[in-house]
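A.B. asks: The structure follows.
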C-alpha cells in the first residue's frame, strides 16, 4: 500500500512512420554563388508636411501641459498635507502643554 509504483513506459500503438532517409549532398567549390539581391530600403522615408509638423508640435505641447499640470497638482497635494499635519502637531502640543 505504501510502496511507490513506478510507471512503465507504454509501447506505441498503431502505425508508426519509419525514420526519414537522409541523403548526402556534395558541395563543389566550382559552382558560383548566386548574385546578391539589390539593396532596397526597409521602409520609405518619412516626409513631413507643414500640417504634420503642426500636429506634432501641438501634440507635444499638449503632452507637456498635461504632465506639468499633473506634477504641479501632486506637489500642491503634498504641500497641503504637510501643512495640515503641522497644524495638527501644533494643536496636539498645545493641548498637552496646558495639562
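Read the figures in this text as sums done on the coordinates, not as results from a lab. What you are looking at is a predicted structure, and each value in this text was computed from that prediction instead of being measured. Here Cβ is always computed from backbone atoms with ideal geometry, including for glycine, and neighbour counts include all displayed protein chains.
A.B. asks: Please find, in a Gaussian network model of the chain (springs between Cα atoms separated by less than 10 Å), the residue of 50, 38, 29 whose mean-square fluctuation is greatest.
C.D. replies: Of 50, 38, 29, the most mobile in the Gaussian network model is 29.
A.B. asks: For 9, 74, what ranking results if the residue with the fewest other Cβ atoms within 10 Å of its Cβ goes first?
C.D. replies: Ranking 9, 74 by Cβ neighbours within 10 Å, fewest first, gives 9, 74.
A.B. asks: Using a ≥ b ≥ c from the Cα gyration tensor of the chain (square roots of the eigenvalues), is it rounded, prolate or oblate, where a/c under 1.5 gives rounded and otherwise the larger of a/b and b/c decides, a/b for prolate?
C.D. replies: Oblate.
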